[in-house]
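Following: one structure in structure tokens, then a few remarks.
The values are calculated or read from the model by the stated rules, or taken from the named source; none is laboratory data. Quantities reported herein were computed from a predicted structural model and do not represent experimental measurements. Methodologically, a virtual Cβ is constructed for each residue, glycine included, from the backbone with ideal geometry; neighbour enumeration extends over all protein chains shown.
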Amino acid sequence: MTRAELLAWLEARRPAPPEALRASLAAGITDAALTLPEHLADLGRRTLARVASRPDGERELALDLLAADAFITYAFEAQAEADVTGLADLAERVARGAS
């Protein structure tokens with residue numbers, strides 16, 4: 001999925017995220033040869049890993065933590081839209097840290 005395709009998908013979400021979160025999400029999006037749910041889950045894991053790598057970080061990491069949560073939440077939303085029967089498999093992959 002391309003960055004442009006993912007940004008368009010996110011723009012269609014309702015309710016729309018607050019502007020600061022929307023900008024944080026957009027800043028983290030890259031192209032990836034993954035399905036939409038896998039791509040979003042991967043972005044969430046990478047964002048969370050970046051937060052976890054800064055144990056001395058404080059409030060400045062709050063927006064990144066919210067972005068990680070949003071990416072994972074959107075991964076489940078995208079999976080439910082594509083094929084609800086794949087939700088359990090996605091949950092297992094997210095828990096294992098795999099795409």
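So which of 16, 95, 4 is at pLDDT 95 or above, over 13 Å from the mean Cα position of the chain (by Cα) and loosely packed, with under 13 Cβ neighbours inside 10 Å?
Only one candidate qualifies: 4.
How do the helices (runs of 4 or more DSSP H) wholly within segment 1-84 filter down when requiring 3 or more residues that are within 23 Å of residue 96 (Cβ to Cβ) and among the aliphatic types (A, V, I, L, M): which remain?
In segment 1-84, 36-52, 62-82 are the helices (runs of 4 or more DSSP H) which contain 3 or more residues that are within 23 Å of residue 96 (Cβ to Cβ) and among the aliphatic types (A, V, I, L, M).
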